[in-house]
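A quick write-up on the structure given underneath.
The values are calculated or read from the model by the stated rules, or taken from the named source; none is laboratory data. Here the structure is a predicted model, which means the values were calculated and not measured. Here the Cβ positions follow ideal geometry from the backbone for every residue, glycine too, while neighbour counts run over all protein chains shown. Keep in mind that these areas ignore ligands, DNA and RNA; they rest on the heavy atoms of the full protein, side chains included. Shrake-Rupley method; radii C 1.70, N 1.55, O 1.52, S 1.80 Å.
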Amino acid sequence: MPTLDVKNLVLWYRTRKGPVHAVDSISFALEPGQTIALVGESGSGKTSTANAILRLLPKNVLRYDGEVEFDGQNVMELTDEEFRRNVRWRGISMVFQGAMNALNPAVRVGFQVAEPLMVHYDVDRDEAADQALDVLRKVGLPADIARRYPHELSGGMKQRVVIAMSLILKPKVVILDEPTSALDVMTQTNIINLLKDLKNTDRLSYIFITHDLGLASELADLVGIMYAGELIEVGPADGVFVRPKHPYTGKLLASVPRLRSEEAPDFIPGAPPDLTAPPPGCRFHLRCPVSFEKCGWSAEEFIAQMDLLQSSGEAKDKVPSIASMSAKSPTSLLIKPGANGSVSDFVQKLNAFVAATSEKNRFLKSIESVQGKTKSVEVKLYETTPPPIVGTEWRAACWLVTEGAA
Amino acid sequence: MGVVWHLAKRAIFLVITFILAIYATVVIANGGGRVDQILKDQIYTDLKQQYARNPAFQRLPPQEQARQFNISYNSIIEAQGLNEPFFQKSFRYTFNALQLNLGRATQLHSSDLSMRVSDIIFERLPRSLVLFTVANVVAAVFGIWLGLWMARKALSAFDRGMTVLSVTTFVVPPWVYGILFILIFAYVFKVFPAGGLTSVPPLPPSPLILAFPPLIAAGLLGAGYVVYARLRSKYRLVGFGILGAGAALLLVWGLVLPADYFKDMEWHMILPAAAVAFSVFGSWSYTTRNLVLQVMDEDFVFAARAKGLKERDVLSRYVLRAASPPIVTSLALTLAAAWTGAIITETVFQYPGLGLLFYEAISLFDAPVVIGLTTVYALLLVVTVFLLDVTYSLLDPRIKALRR
Amino acid sequence: MAISAPIGLKAAFLEAARTKSGLAATAMLGFLILLAVLVPLLVPFDVVRQWSNPGQWSDNPKLVPPEWSEVFTGKRQPRTVIIPPAGQSGGFDHVRVSFEVQGQNYTIVVLKQSFDFQADAFPSEISLYMTTMFGSKSPLVRSWLTRPDGQEVQLFEDTPSLRASNVSQFRPADVITYSLTYPSFKDPSYQVYANVKQWLISNNVTTSGEWGELFPSPTGFYSNPPKAQVLLMAQLNHSMLDPRTAQVLKGKYSIKFEVDGFSSVDDANARAVVFGTVYGLIGTDDQRRDLLIALLWGAPVALAFGLAGALATVLIQTILGAISGWYGGAVDELVQRTADFYLIIPTLPILILIGILYRPSLILILFILVVFGVVGATTKVTRSIVLQVKEEQFIEAARSYGASRGRILFRYILPRVMPYTFALIALTVPAFIFLEASLSFLGLGDPNLPTWGQLLGNAYGAGPAIFYTFWWWVFFPAAGIIFTTVAFALLGYAFDKVLNPRLREQ
Ligand SMILES: Nc1ncnc2c1ncn2[C@@H]1O[C@H](COP(=O)(O)OP(=O)(O)OP(=O)(O)O)[C@@H](O)[C@H]1O
Ligand code: SF4
Ligand SMILES: [Mg+2]
């Protein structure tokens, strides 16, 4: 039985610009002693996923549902008070991103480490302090540290204090949100080794959130790749890191600079999408190097891309000249041929252009049909849905994978 | 140690500032010597009139008249120290004021007809202390409570309404509310007296009894809370003990007092206290709300919640604690402002405290009283600022890190 | 104030104006500014300059509420009726006959005019003014009031003489001008009481004994004089003796003067004012001044004073704070210690002192306030913002390409601080308005300009009882101050909300 089983977890925020789909239907399971690395670009919803699991919700939550099974129990059904008493820190604890700020500047660190014991198990102060000392020692800190205030510690020390704090109740799952990102490499390695030891001795499960694929591969049994609020690929670390199924994962791996490598690191063109209005279909299709018919271009995106193409000098002579374009529905648009081009001419030219350049301009692949009307040309696009995540041990959400599996 | 050294430095600096402030007051209170001239003129005309009514004097030859007049005039001037050049005198005044040797009033006197400035001031000081301390403490407690509530319900209709109310009430000074309250409650509804200290004349033996027990009690209550809030179980009992002692003192004080007189006095204090509280609570609630919201956004508060602390504990142990140094700062500063703001408020209510005394003294050009009062005001401010520093360094261990 | 997303001044303005409180503030301030612009056009400054000149206001009723307040009493309140002198439209009818009998010249002058009185309440006062010119011998001057019920009551009879104290003389060709001001029937020495008493007794409304009990005057002076305007204008029955029960006799009244002179040059003219019990939009004060004028003029004065003071102090404080934070070191120390020093100096007492010693004009008061405000809270706030901004990347960048420190301060740092400065200005305006009001309240304001604080102070100075019974005298100036300051507070709050994104809705 998995220690943690997350199913269709959803967390949306309300903002002035509209709902932010920060976590959109995420599922994964974690066995005891297993570590999952959540990897993704900044803003892809990793921290939000962690917060959603611990039910740490800001005021502007718009939607929060799904299932989180912890130790076989669906904790989403607990009341806030039950959840606080039984799950928080006792079952699942967390090392926050920017852990330095997670310490109260006005309270001695020893007390902060010990506090959960007093809160959850009514341990008296001195006893709690003793246990805190043990844990602090375990993470490699000298005992006198307990009496200091946070501002008297170095960054690496604070990081260890926060890790100690997360371990004090011997939880089953620890969420580590970029626990090492602000540290130098030596300290990083130290902390990763510490985490590895703890994992082996205490059979802890980690959710290890990071940008750093190298670190992720050090520690992780499973890898989950997040993109625009979705978990797009999840599977065994040795598999995902070696032969990624999802094109995004591939790009991500290729973008990691390698030491002493001749290859220049690849990069992913474009920027991550706006989570208030995630793209239809596959959320990655705007940047995907292998996107195709089914990946979900909308008429509006099509128009935008076409405009871009027209204005880019390089393709000017090849692009059929266009007077104007307008979206008719999400999957169809009308094009008025430009300067004295007849409709039938235009259809021909367009077809030729698509045939010639669709490998490069992948959005052209989304054309299902081109029909000449009296004065304009109607372009129909393929209708699609977001790719479902398929697979059992190793799942990915990409039409290529789905098709391949079929 | 760092904190001690820091506090010592502050103390020295504050003492220097205090001396300078007193000297500035001495110079201004005497109008740079102008008041001396006014007083001299007064003496001159008084003397002239006195002699004009004296038939024996009138019969003397003019030279003799002039001579005699000059002799008595000069002796009076000398007796009052008006012949010294002002520049010299200003140092003497300052020196005396610093020793709290405030001299004799020229016009005003206390209710037992003493003309010593210190008697006059100390007769009135407790009244102002009680009125403004009570009003400000009530406003602060209510304001902080409201601010916490607003922060908890942040962005709700309640919060928005209360925020606007707070922001719009605290820009208006107490005396304006005073006028409106008197208009409404004393004249339209006739529930409270319009002003004054009491409607019955007799005075209690020593007015100091009035002020000190409640002040000590307030101090005990405050200290008790601080100890209690330091959240270690051992100290909690001690904190409770101190709180209890404060409450008991208040109770005993309330029982011992001559009931009618004080009831009457309290009755008269309600409107002015309400006016002060009404104009002050808004800055409390608004500041508290904003600071608490700001702190609630801090990662360590988030972490506290993740650790499974109860919301109430998160609020009291983490949020309030982190927000309290700035809150205390604004407490002390509004209190300090309230002291000088009292002048008009007390005048509006004809409440015979320091403020009204100041107004009377200024109207009568009673320079010694003015200087004495300003000294007392400055002293109160200095003490407030210093206490602020002490509290700050107690509440916030980062003090060293924060102060450059 | 924590600094977060950098935001330009214009953007801050626009966004602040979009919040509800910002909208309210903009509307309120817009109204005030419109008022401030219009007032000098509607009520010329010359009128305001006459504020302290009592002669200017003598035709207004004394201390009466606004006209619209009659809706509370449900009674129709009388308005002031002025009967102008003969020769003006609606003025007294003037008939003069000169004749000679046995070598002696006589002149009879009759001045008469009527007015219609339909209100449910009695006038607050009646004043008669008369000017007589006569030769060497004093004429006989008499006056009557004729009531709608046909009753005629003599008001006074007088023989103006040169010895009387209220004679002003000038002699163009042997003519003496005599002015009789008959302002108030409250004056117990006037014969009108005797005349009224006589009239009432002869009509069997009262007896001499009852009159004596009701209006005791053992020394010849009434301690509680009868209200002549009530007795003269009430329905003729016993209830008229008590102003609370007296019923107004409605209809046409007429006032008549007769001068019997003993020369051919005698002549006379008269004026009468029947004072109402309500006046204008917001009533009058104890010196009969139209409070509306002062209330309206209070707006531009308060706005100008508050804005000028707030702008000056906040800008100075901002610059000092910025310099202190930016340059650090000795400069910083100096500014910070000065700020502490200012904190300890009891400003208001010193201000009051200066007010009493020098009676400064409004401009001077402003100047003094600014001097006392060159350092303060804003200096500290700005300093802390600058300390934060200083650490930011773009400053580093600017420094790395060699921009001078002063340049960075003015080109990069101050613009970042400006939105905060404006929020602080908005929040400081009320403080200045109230400081002026406080000084004026204590009677230490500019004596030549009515301000809201001065109105409150006047009301207060007139004695506590007067202060609170005559609510309009207190209420409107207080409302004016509160309205203005609240507008600025809301504006400051709107700014604060934009600048501290944590405090606003997501
Ligand atoms: N309280 C909130 N209100 C509105 N939007 C939010 C809130 N918290 C996060 N977001 C948005 O949700 C998205 C996901 O944020 P999240 O912090 O989970 O990203 P992340 O993957 O942890 O990024 P990083 O690697 O930078 O930490 C972002 O677009 C962020 O702007
Ligand atoms: S579905 Fe697969 S192929 Fe299509 S855009 Fe998404 S990642 Fe690329
Ligand atoms: Mg994150």
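The table that follows gives values for the structure above.
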{"item": "Listed residues A:S181, A:V256, A:H151: farthest to the positive end of the dipole of chain A (Cβ charges)", "result": "A:V256"}
{"item": "Interface area, B with A, accessible, probe 1.4 Å, both sides summed, Å² nearest 100", "result": "2400"}
{"item": "Tilt relative to chain C, helix C:377-390 - C-alpha long axis, 0 to 90 degrees, to 10", "result": "30"}
{"item": "Nearest-0.05 FRET efficiency for A:T357 and A:K336, computed from C-beta distance (R0 30 Å)", "result": "0.90"}
{"item": "Whole-percent carbon and sulfur share, accessible surface of the stretch A:297-381, 1.4 Å", "result": "52"}
{"item": "Rounded if a/c under 1.5, otherwise prolate or oblate - the stretch C:332-421, Cα gyration tensor axes", "result": "prolate"}
{"item": "The stretch C:67-275: translational diffusion in µm²/s, Stokes-Einstein, Kirkwood Rh over Cα pairs, 37 °C, 0.692 mPa s", "result": "178"}
{"item": "Within 10 Å of each Cβ in B:15-28, the average number of Cβ atoms from other chains", "result": "3"}
{"item": "DSSP-loop trypsin sites (Lys or Arg not before Pro) across the stretch C:214-278, with at most 14 other Cβ within 10 angstrom", "result": "C:R244"}
{"item": "Estimated FRET transfer efficiency when R0 is 45 angstrom, pair C:S52-B:W149 (beta carbons, to 0.05)", "result": "0.35"}
{"item": "Test item: Cα-centred dipole of the protein assembly as shown, Lys/Arg +1 and Asp/Glu -1 on Cβ, debye", "result": "1400"}
{"item": "Extreme residue, positive dipole direction of the stretch A:4-255, given options A:A114, A:Y64, A:G239 (C-beta unit charges)", "result": "A:Y64"}
{"item": "Translational D in µm²/s for chain A (Stokes-Einstein at 25 °C, 0.890 mPa s, Kirkwood Rh from C-alpha pairs)", "result": "103"}
{"item": "Estimated [θ] at 222 nm from DSSP helical runs (n ≥ 4, -39500 (n - 2.57)) normalised by residues in the protein assembly as shown, nearest 500", "result": "-16500 deg cm²/dmol"}
{"item": "Anisotropy class of the protein assembly as shown from Cα gyration tensor, a/c 1.5 cut", "result": "prolate"}
{"item": "Probe 1.4 Å - accessible area at A:M325, Å² to nearest ten", "result": "40"}
{"item": "C-alpha long axis of helix A:343-357 to longest principal axis of chain A, angle in °", "result": "40"}
{"item": "For the stretch A:297-381, alpha-carbon Rg and Dmax in angstrom", "result": "11.5, 31"}
{"item": "Estimated FRET transfer efficiency when R0 is 22 angstrom, pair B:A56-B:A79 (beta carbons, to 0.05)", "result": "0.40"}
{"item": "Folded to 0 to 90 degrees: helix C:471-499 orientation relative to chain C principal axis, Cα", "result": "20"}
{"item": "Of A:P179, A:P58, A:P387, the one that fluctuates the most in a GNM where chain A has Cα springs shorter than 10 Å", "result": "A:P58"}
{"item": "Cross-link table A:K199/B:K307; A:K158/A:K196; C:K62/C:K250; A:K59/A:K294; A:K17/C:K380; C:K112/C:K227, entries beyond 27 Å C-alpha to C-alpha", "result": "A:K59/A:K294; A:K17/C:K380"}
{"item": "Label-to-label distance, nm, for residues given as B:I216 and C:N204 (7 Å Cα→Cβ offset)", "result": "8.2"}
{"item": "Size of electric dipole in the stretch C:193-262: Cβ of Lys, Arg +1 and of Asp, Glu -1, about Cα centre, debye, nearest 20", "result": "300"}
{"item": "Under 11 Å, Cβ to Cβ, from A:I225 - net charge with Lys/Arg +1 and Asp/Glu -1", "result": "+1"}
{"item": "Distance between modelled label sites at B:A223 and A:A143, nm, 7 Å Cα→Cβ extension", "result": "3.5"}
{"item": "In nm, spacing of pseudo-spin labels at A:E77 and A:K7 (7 Å Cα→C-beta vector)", "result": "1.1"}
{"item": "Electrostatic dipole magnitude of the stretch A:297-381 [Cβ: Lys, Arg +1; Asp, Glu -1; Cα centre; debye, to 20]", "result": "160"}
{"item": "Three-way shape call for chain C based on the alpha-carbon gyration tensor, with the a/c threshold at 1.5", "result": "prolate"}
{"item": "Label point at A:N193 placed 7 Å out along Cα→Cβ; residues across the stretch A:212-249 whose backbone nitrogen lies under 19 Å", "result": "A:214-220"}
{"item": "Straight-distance crosslink candidates among aspartates and glutamates, where the alpha carbon sits under 18 Å from C:K20 and sequence neighbours closer than 8 are dropped", "result": "B:D159, C:D496, C:E505"}
{"item": "For A:S342, net neighbour charge (Lys/Arg +1, Asp/Glu -1) across residues whose Cβ lies under 11 Å away", "result": "+1"}
{"item": "Shielding score for B:293-299, defined as the mean number of other chain Cβ atoms within 10 Å", "result": "4"}
{"item": "Segment A:K59-A:R243, extension gain: residue separation times 0.36 nm, minus the distance between their alpha carbons", "result": "62.2 nm"}
